[in-house]
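Note sheet for the following structure.
The values are calculated or read from the model by the stated rules, or taken from the named source; none is laboratory data. Note that the structure is predicted; figures quoted are calculated from it, not measured. Positions of Cβ are backbone-derived with ideal geometry, glycine not excepted, and every protein chain shown enters the neighbour counts. With ligands, DNA and RNA removed, areas are computed over all heavy atoms of the protein, side chains included. Shrake-Rupley method; radii C 1.70, N 1.55, O 1.52, S 1.80 Å.
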Amino acid sequence: MKRAIFPGTFDPFTIGHFSIVQRGLSFFDEIVIGIGVNQAKKTLFSVEKRLELIHQAFQDEPRIKVATYDSLTVDFALSVQADFVLRGLRSVADFEYERNVADANRNLTGIETVILFTESKYSFISSTVTRDLITYGRDISSFLPPNVTL
Ligand code: ADP
(Lines give C-alpha, C1' and ligand atoms only; values in the text may rest on other atoms or scores of the structure.)
Protein backbone atom coordinates (compact mmCIF):
# COMPACT_ATOMS: atom_id res chain seq x y z
CA MET A 1 0.00 0.00 0.00
CA LYS A 2 1.55 3.28 -1.08
CA ARG A 3 0.29 6.07 1.13
CA ALA A 4 1.18 9.77 0.94
CA ILE A 5 0.23 12.81 2.91
CA PHE A 6 -0.66 16.06 1.18
CA PRO A 7 0.06 18.68 3.84
CA GLY A 8 -0.91 22.34 3.75
CA THR A 9 -2.86 25.11 5.35
CA PHE A 10 -5.66 24.97 2.79
CA ASP A 11 -7.13 28.35 3.72
CA PRO A 12 -9.05 27.51 1.56
CA PHE A 13 -8.46 24.31 -0.47
CA THR A 14 -8.39 25.39 -4.14
CA ILE A 15 -8.80 23.74 -7.51
CA GLY A 16 -4.97 23.86 -7.72
CA HIS A 17 -4.73 21.64 -4.63
CA PHE A 18 -7.54 19.44 -5.96
CA SER A 19 -5.72 18.86 -9.23
CA ILE A 20 -2.48 17.80 -7.48
CA VAL A 21 -4.35 15.30 -5.28
CA GLN A 22 -6.33 13.86 -8.21
CA ARG A 23 -3.15 13.36 -10.19
CA GLY A 24 -1.43 11.87 -7.14
CA LEU A 25 -4.11 9.16 -7.04
CA SER A 26 -2.73 7.72 -10.25
CA PHE A 27 0.37 6.51 -8.38
CA PHE A 28 -0.59 6.48 -4.68
CA ASP A 29 -3.16 4.04 -3.28
CA GLU A 30 -4.22 6.45 -0.59
CA ILE A 31 -3.63 10.14 0.13
CA VAL A 32 -4.19 11.67 3.54
CA ILE A 33 -4.78 15.40 3.22
CA GLY A 34 -3.32 16.96 6.35
CA ILE A 35 -4.53 20.35 7.46
CA GLY A 36 -1.73 21.90 9.47
CA VAL A 37 -3.24 23.61 12.46
CA ASN A 38 -0.79 26.13 13.76
CA GLN A 39 -2.17 28.12 16.67
CA ALA A 40 0.05 31.08 15.85
CA LYS A 41 -1.13 31.31 12.24
CA LYS A 42 -4.25 33.39 11.66
CA THR A 43 -6.56 31.92 9.03
CA LEU A 44 -9.70 33.18 7.29
CA PHE A 45 -11.46 29.82 7.51
CA SER A 46 -11.87 27.81 10.71
CA VAL A 47 -10.42 24.31 10.88
CA GLU A 48 -13.98 22.91 10.77
CA LYS A 49 -14.79 24.85 7.60
CA ARG A 50 -11.53 23.80 5.92
CA LEU A 51 -12.28 20.16 6.75
CA GLU A 52 -15.82 20.50 5.41
CA LEU A 53 -14.68 22.04 2.11
CA ILE A 54 -12.18 19.22 1.53
CA HIS A 55 -14.80 16.59 2.40
CA GLN A 56 -17.14 18.20 -0.15
CA ALA A 57 -14.44 17.98 -2.82
CA PHE A 58 -13.74 14.27 -2.28
CA GLN A 59 -17.07 12.87 -1.12
CA ASP A 60 -17.05 10.09 -3.73
CA GLU A 61 -13.37 9.17 -3.35
CA PRO A 62 -12.69 6.53 -0.67
CA ARG A 63 -8.93 6.68 -1.27
CA ILE A 64 -8.77 10.21 0.13
CA LYS A 65 -8.71 10.79 3.88
CA VAL A 66 -8.62 14.14 5.65
CA ALA A 67 -7.06 14.89 9.02
CA THR A 68 -5.73 17.82 11.01
CA TYR A 69 -2.36 17.91 12.69
CA ASP A 70 -0.40 20.17 15.00
CA SER A 71 3.11 18.77 14.80
CA LEU A 72 6.03 18.47 12.45
CA THR A 73 4.82 17.35 9.03
CA VAL A 74 7.07 14.26 9.13
CA ASP A 75 5.63 13.25 12.51
CA PHE A 76 2.17 13.52 11.01
CA ALA A 77 3.32 11.35 8.08
CA LEU A 78 4.67 8.71 10.47
CA SER A 79 1.49 8.78 12.56
CA VAL A 80 -0.64 7.83 9.54
CA GLN A 81 1.98 5.36 8.21
CA ALA A 82 2.71 7.36 5.08
CA ASP A 83 6.07 6.99 3.33
CA PHE A 84 5.68 9.97 1.03
CA VAL A 85 4.84 13.65 1.11
CA LEU A 86 3.03 14.98 -1.95
CA ARG A 87 3.48 18.65 -2.83
CA GLY A 88 2.67 20.89 -5.78
CA LEU A 89 5.03 23.35 -7.45
CA ARG A 90 3.70 26.44 -9.19
CA SER A 91 6.77 28.43 -9.95
CA VAL A 92 10.46 28.88 -9.39
CA ALA A 93 9.46 30.97 -6.38
CA ASP A 94 8.15 27.79 -4.69
CA PHE A 95 11.23 25.77 -5.65
CA GLU A 96 13.89 26.67 -3.05
CA TYR A 97 11.43 26.42 -0.20
CA GLU A 98 10.12 23.03 -1.28
CA ARG A 99 13.60 21.65 -1.86
CA ASN A 100 14.70 22.78 1.57
CA VAL A 101 11.77 21.22 3.38
CA ALA A 102 12.04 18.02 1.31
CA ASP A 103 15.75 17.70 2.18
CA ALA A 104 15.05 18.28 5.87
CA ASN A 105 12.27 15.71 5.89
CA ARG A 106 14.37 13.07 4.13
CA ASN A 107 17.26 13.65 6.50
CA LEU A 108 15.02 13.44 9.55
CA THR A 109 13.08 10.31 8.65
CA GLY A 110 13.84 9.00 5.16
CA ILE A 111 10.42 10.14 3.99
CA GLU A 112 10.55 11.11 0.32
CA THR A 113 8.74 14.09 -1.17
CA VAL A 114 7.03 13.74 -4.52
CA ILE A 115 6.48 17.04 -6.28
CA LEU A 116 4.12 17.59 -9.17
CA PHE A 117 4.23 20.65 -11.37
CA THR A 118 0.92 22.43 -11.39
CA GLU A 119 -1.23 22.31 -14.49
CA SER A 120 -0.37 25.65 -16.05
CA LYS A 121 -3.99 26.76 -16.11
CA TYR A 122 -3.90 26.70 -12.29
CA SER A 123 -0.45 28.15 -11.72
CA PHE A 124 -1.80 31.58 -10.71
CA ILE A 125 -4.26 30.16 -8.20
CA SER A 126 -3.28 30.39 -4.56
CA SER A 127 -5.13 30.41 -1.28
CA THR A 128 -3.84 33.94 -0.72
CA VAL A 129 -5.33 35.33 -3.93
CA THR A 130 -8.55 33.45 -3.22
CA ARG A 131 -8.81 35.02 0.25
CA ASP A 132 -8.12 38.50 -1.14
CA LEU A 133 -10.90 38.11 -3.69
CA ILE A 134 -13.31 36.86 -1.02
CA THR A 135 -12.47 39.84 1.17
CA TYR A 136 -13.45 42.19 -1.66
CA GLY A 137 -16.61 40.32 -2.51
CA ARG A 138 -15.59 38.72 -5.81
CA ASP A 139 -16.94 35.43 -7.10
CA ILE A 140 -14.28 32.77 -6.55
CA SER A 141 -16.29 29.71 -7.53
CA SER A 142 -13.91 28.95 -10.40
CA PHE A 143 -11.00 28.81 -7.88
CA LEU A 144 -12.67 26.02 -5.91
CA PRO A 145 -12.79 22.30 -6.77
CA PRO A 146 -15.84 21.07 -8.73
CA ASN A 147 -18.94 20.62 -6.53
CA VAL A 148 -17.55 22.76 -3.72
CA THR A 149 -19.39 25.81 -2.46
CA LEU A 150 -18.36 28.04 0.40
P1 ADP B 1 1.54 25.80 2.74
O2 ADP B 1 0.96 26.65 3.81
O3 ADP B 1 2.31 24.62 3.22
O4 ADP B 1 2.23 26.54 1.60
P5 ADP B 1 -0.74 25.55 0.99
O6 ADP B 1 -2.07 25.28 1.56
O7 ADP B 1 -0.51 26.93 0.47
O8 ADP B 1 0.28 25.13 2.10
O9 ADP B 1 -0.37 24.55 -0.19
C10 ADP B 1 -0.16 23.18 -0.02
C11 ADP B 1 0.53 22.60 -1.26
O12 ADP B 1 -0.23 22.85 -2.42
C13 ADP B 1 1.90 23.18 -1.56
O14 ADP B 1 2.74 22.15 -2.06
C15 ADP B 1 1.64 24.18 -2.62
O16 ADP B 1 2.78 24.43 -3.43
C17 ADP B 1 0.57 23.46 -3.40
N18 ADP B 1 -0.26 24.37 -4.21
C19 ADP B 1 -0.90 25.47 -3.81
N20 ADP B 1 -1.56 26.06 -4.83
C21 ADP B 1 -1.32 25.29 -5.92
C22 ADP B 1 -1.69 25.37 -7.30
N23 ADP B 1 -2.45 26.37 -7.77
N24 ADP B 1 -1.26 24.39 -8.13
C25 ADP B 1 -0.47 23.40 -7.64
N26 ADP B 1 -0.07 23.28 -6.38
C27 ADP B 1 -0.48 24.21 -5.51
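The residue that is farthest from the ligand (Cβ to nearest atom), among those in segment 133-142 that are open to solvent by 40 Å² or more (accessible area, probe 1.4 Å) and of a type in the set (Val, Ile, Thr), is 135.
Would a scan of segment 69-85 turn up a residue that is over 27 Å from residue 149 (Cα atoms) and assigned to a strand (DSSP E or B)? Checking segment 69-85: at least one residue is over 27 Å from residue 149 (Cα atoms) and assigned to a strand (DSSP E or B). Of the candidates 64, 35, 15, the single residue that is under 10 Å from the mean Cα position of the chain (by Cα), at pLDDT 95 or above and open to solvent by less than 40 Å² (accessible area, probe 1.4 Å) is 35. Just to check your reading of the model, which residue among 67, 77, 102 is over 30 Å from residue 135 (Cα atoms), touching a helix residue (DSSP H, G or I) at 6+ places or on another chain (Cβ under 9 Å) and of a type in the set (A, V, I, L, M)? Answer to the check: 77. Count of segment 93-132 residues, restricted to those that are farther than 24 Å from residue 27 by Cα, open to solvent by less than 90 Å² (accessible area, probe 1.4 Å) and either in a helix (DSSP H, G or I) or modelled with pLDDT under 95 (or both), is 7.
Scanning segment 18-31 for residues that are assigned to a strand (DSSP E or B) and buried (at least 23 other Cβ atoms within 10 Å of the Cβ) turns up just one, 31.
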